[in-house]
Amino acid sequence: MQKPDVSYGVRIIGCGSYAPEQVMTNDELSQRVDTSDEWIASRTGIRARRIADPTKQSLTDLATLAAAQAIESANLTPQDIDLIILATSTTDDLFGTAARVQRSLKADRAVAFDLSAACSGFVFGLVTASQFIRSGAYQNVLLIGADIMSRWVDWSDRGTCILFGDGAGAVVLQASPQQDNFLGFELRTNGQDNSLLNLSYNSDRSSFDYITMNGKEVYRFAVKMVPEAIEKSLHRSNLTTADIDWLILHQANQRILDAVGDRLGIDRAKVISNIANYGNTSAASIPLALDESVRSGKIQANDLIVAVGFGAGLSWGAAAFRWG
Ligand code: COA
C-alpha cells in the first residue's frame, strides 16, 4: 500500500445493533440460583438480559445483524468496507470469527480480524480503527462489538451469572479529509491484577473454565480508574468533562455508572444507561447503548460523546468523539 502524504480525519457515520429475542428476567434467574429480583436490581440495576439460542444463534449471526444495520445507516454497501474489526471474547472459532462475518456480509473487499480486550474491546477497537484511517490505509472501517457471555457463565454461580447477557453493536468509521471528529483517547492495561477477572484455559480439563471474578475489587478498580481515563481522553483536545453531552460507560453495573458520573460532576441524565434491559454484554454494551440513543434521537449530530470500556486484563480505555 502506498504511503499517503496527508493525515485523514475520522468520522463515525453509522451504527447498528442486535440483541437476541429471548429475554431472561431476574425472576426467571432466581429459579435457577438463590437470588431475587430485589437483590439483583438494587446491587446492579439489572432487571433482565437477552440470551442467544445455544443451538441456532452464533456469534457470527449476532455480529452480522448488527453490522448490516450499521452499514445501511452509513449509506454504504458491504462492498464499500475496507476493514472489519470484531471486538469479542466469546468467539465462534479460536482462530477468529471476523472472517466468518466478512463472508456473511459478503464484504468481499474487506480484510477482517478479531480483537480481544474483553469489556474494553469496543473502545480499543475504536482507537485501532481510527489509526488505520488516520494513516490513510483504509477509507471505511466496520467495527463490531459482540459477545455471547451466556456460553461462558457458570449458571450455578450467583455471584457472576446475574450480571451478563448477550448482544452485538457496530459502527462504521470513515476517513474525512475535511473534518476530524475523533478527538482523543486513553488506553490502559494493568496485568498485575489479571487474576481479578478471568476466562482461562484449564490444561487439566483441556478446555476453558467459566468466568471467575472478584466482584468487589473489579468494582473498586472501575470507580477509581475510569474518571481519570475520561479526563485524559478530553485533555488532548483541550476539552473538559463540562463539555460532555453524553457519557457512554460500559454497562457493567448501574452503581458504577452513577459513581463515575457523580465523581466527575456529570449530570446523571447525560450518563446513558440501558443496563436494566441487557445486563453486561461485554464488548457489545457500548455500541448497543450508542445505537439505541442515536435511534431514539437522544444523540444528535456533533454531540460530544465519551465512550469508556473497562474490565478483564485489567484493561480500560476512553475515547472522545463527536457524533456523525
Ligand atoms: N443474590 C443474592 N445474594 C447474593 C448474590 C446474588 N446474586 N450474590 C452475592 N450475594 C450475597 C453474597 O453471598 C454475600 O452474602 P454474605 O454477606 O452472607 O456473605 C452478600 O450477597 C454480599 O456479596 P458481595 O459479593 O459482597 O456483594 P457486592 O455488594 O460486592 O455485589 C456484585 C456483588 C457482583 C454485584 C458487585 O461486586 C459488582 O457488581 N462488582 C463489579 C463486577 C463487574 O462489573 N464485573 C464486570 C466488569 S467488566
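Throughout, read-outs are computed from the coordinates displayed, never taken from laboratory work. Note that the structure is a prediction, hence the values are computed from the model and not measured. Because the Cβ atoms are built from the backbone with ideal geometry, glycine has one as well, and the counts that use them run over all protein chains shown.
Data for the structure
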quantity	calculated
Charged-residue dipole, Cβ positions (Lys, Arg, Asp, Glu), segment 183-322 about Cα centre, Debye nearest 20	60 debye
Prolate/oblate/rounded call for segment 183-322, Cα gyration tensor, a/c under 1.5 rounded	prolate
More than 18 Å apart - percent of Cα-Cα pairs taken over segment 272-324	34 percent
Additional length obtainable on full extension of the chain from ASP245 to LYS224, 0.36 nm per residue less Cα span	5.4 nm
Rounded to whole Å, sorted largest first: equivalent-ellipsoid semi-axes of the chain, Cα gyration tensor	29, 23, 18
Relative intensity, log₁₀ I(q)/I(0), of segment 237-307 from a Debye sum that treats every alpha carbon as a point, q = 0.28 Å⁻¹	-1.38
Label-to-label distance, nm, for residues given as ALA41 and SER203 (7 Å Cα→Cβ offset)	4.8 nm
Dmax and Rg, reported as Rg then Dmax, of segment 9-176 (C-alpha, Å)	17.1, 54
Sequence-distant lysines (8 or more away, or on other chains) whose Cα lies within less than 27 Å of LYS106	LYS56
Separation in nanometres of the label points that stand 7 Å from Cα toward Cβ, at GLN179 and ASP262	3.7 nm
³J(HN,Hα) computed for each position of segment 109-123 - Karplus, 6.51 cos²θ - 1.76 cosθ + 1.60, integer Hz, glycine/proline x	7, 7, 8, 9, 8, 8, 10, 10, 8, 6, 6, 8, x, 5, 5
³J(HN,Hα), Karplus 6.51/-1.76/1.60, whole Hz, each residue of segment 230-238, x for Gly, Pro	4, 4, 5, 5, 7, 3, 5, 10, 6
Peptides ranked, highest mean first, by Cβ atoms within 10 Å: ranges 276-289, 252-265	276-289, 252-265
Karplus-derived HN-Hα couplings along segment 186-200 (A = 6.51, B = -1.76, C = 1.60, θ = phi - 60°), whole Hz, x at Gly and Pro	9, 10, 9, 9, 10, x, 4, 9, 3, 6, 6, 7, 9, 9, 9
Pair ASN302, ALA269: separation of 7 Å Cα→Cβ label points (nm)	2.1 nm
Protection-proxy order for peptides 144-157, 124-137, each taking the mean of Cβ atoms within 10 Å per residue, highest first	144-157, 124-137
